[in-house]
Amino acid sequence: MAPKRKTGNQASCQHAHIQVDASSHASEALVGFTRVPAEKRVAATTPSGRVVKGSSDGNSPRSSCNPPSAYTFPAPLVLPGDSLSIDPREPPQSLRSFIQEGARNPLTDRRKTLYVGRVSGSSPDSSAGQDNISQITKSWAIPCCNSSRRSGNTKSSGAPNAPLEPPRTEDIIEYMSAYYHPLEVKSLLLASSKPASFVPWQDDENTDKKTSRSRRKGAKVKATSESSPTYVGLHLGEGVTRIRTRPCPDDAFPRQINLNDVLDALLEAIPSDAHSAILLVDQDMYDDDDDTFCCGLAYGGSRVAVVSTARYHPALDSSHYDGITIEAEDLDGLGVDRAHMWPGSHCQEFVRRVCEANLAEEEDDNDDEEPPKRKKAKSCKGSQGSAKGVNGTGSGSGEGLSPSEIEKTPMGAAIKAAMAVCSPEDDLSGLWFSRVARTAAHELGHCFALGHCVYYACSMQGTSCLAEDMRQPPYLCPICLAKLTRATLDVAKEMDPKDFVMQRYKALLDFCGKRKDITMFAGFHAWLERRIAQLNAEGP
């Protein structure tokens, strides 16, 4: 599909310079983030944890004493409120650590299929009571914010007030098939006699009401007319699991469901041939009483994960930054800025603006005689001030590339391709799908025992807020890719590691090529094209 003309936010910033280093906010003076040195990043891609000059190990795509270009794999941004800003000492997981991980869930010839399921409406043989609870839980997935009624809850190509449908399970399965190529990805519905659905729940004498979780096979349920039940049942597989619910603390949705209960239900229903399974729900979720919400979680060692589509709804984009509710007109680049989602998140001007806004806020706190949360820096200059850009040069990475050369790098090409696409406002369905797809891939990564990445900007980075979530890339960094390569070759022993990497990239390229009208996939397609060209140039 030919890209449309730029409109709205996409045209407001030209992303003239690319941020390839961590922001100045990451500095020791502010949060104390120290990036893993280049030589240790290279060593982290090898099973031994060491790299001998001129050698090549057989389990990572490429071994070299030189780290990859920062214009292929930039550093994590570490902006205010980001996960590494809150926990800058999070320990790294190298390939060697991954191999030695005792809780790793290996792929085997018996368990090598990935499953994707979804909690639908009512089951085919549902009663009036089940239909009622289906409508109630469906209403919980509709954002309460006014913006959803104004613009965020409309189809891009339909009537102005037509509801925006959540991402399709079939599309998520297709993306997982490319992302985890060549593993087979199936629908969880095919392994169950009935679709997953919410049903009414009634405690009885045999249920311990003090227990947070309960599951009964063939549980008796009855209809309820309450719009806010404390519990609902989740029919998944052959049983029904009790799911706790609660009012949404920030009023973004009418009610939330407990993700741990959902994962317990999935644990009981996971097919015998599954390496892992992920369940999609459209309702907002929470982990514990202290949480406002949680978009996804994996019990990695137990092979199950759950992702909620709710908070990725485009209607909520102007609502959250670092856990603070703010109005759209007051965002000034601090909310879910659609123009600066990946790859636009590596816009140097955007990074500078966010850092300076944070400093100004801390200075205001000091004026009010409140103790600052972190040490202050005098200015927001530093790594981003020296990073090179698409239309400029600098000394940040020491690569000495000209502006025209930067445009030909994976990150330069990704930004250019994303900017050529229509504004995200023109395809809210595609925007919503790209967000859920990236998070689903991340959570399934935990089922492979991939930990949160601190080495690079990477799909396996941890996330502390929605704004950070949207800034993260869809690709795996060299270290996380080496882990996935090692895991996959457990059941694809005939494949050469380099062949696996190339085939996986080409599968993703084919997927993204069909969706170049969606900003993230347009950028990812351009990134993949350049990365494949780099690997081809390196030779066997």
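Rule-based calculations on the coordinates, nothing more; no lab input. Keep in mind it's a predicted model, so treat the numbers as computed, not measured. All Cβ positions, glycine included, derive from the backbone under ideal geometry; neighbour counts span all protein chains shown.
Couplings 3J(HN,Hα) of the range 241-252, computed from phi: 10, 6, 10, 6, 10, 7, x, 6, x, 9, 6, 6 Hz, in residue order, whole Hz [Karplus 6.51 cos²θ - 1.76 cosθ + 1.60, θ = phi - 60°; x for Gly and Pro].
Here the simple spin-label model places points 7 Å from the Cα toward Cβ, and for Glu39 and Thr169 these points are separated by 5.2 nm. Legend: residue pairs Lys112/Lys493; Lys416/Lys483; Lys416/Lys514; Lys112/Lys483; Lys408/Lys498, Cα-Cα distance threshold 21 Å; pairs beyond threshold, Lys416/Lys483; Lys408/Lys498.
Near the amide H of Cys144, within less than 5 Å, lie the amide hydrogens of Phe253, all on another chain or at least 5 residues away, with H placed in the peptide plane. Multiplying the residue separation of Ala103 and Asp250 by 0.36 nm and subtracting their alpha-carbon distance yields 49.4 nm.
Taking amide H as placed 1.01 Å from N in the peptide plane, Asp284 has its amide H under 5 Å from the amide H of Ile257, each at least 5 places away in sequence or on another chain.
For Ser302 and Asp87 in one chain, what is 0.36 nm times their gap in residues minus the Cα-Cα distance, to one decimal in nm?
Stretched out fully, the Ser302 to Asp87 stretch lengthens by 74.8 nm.
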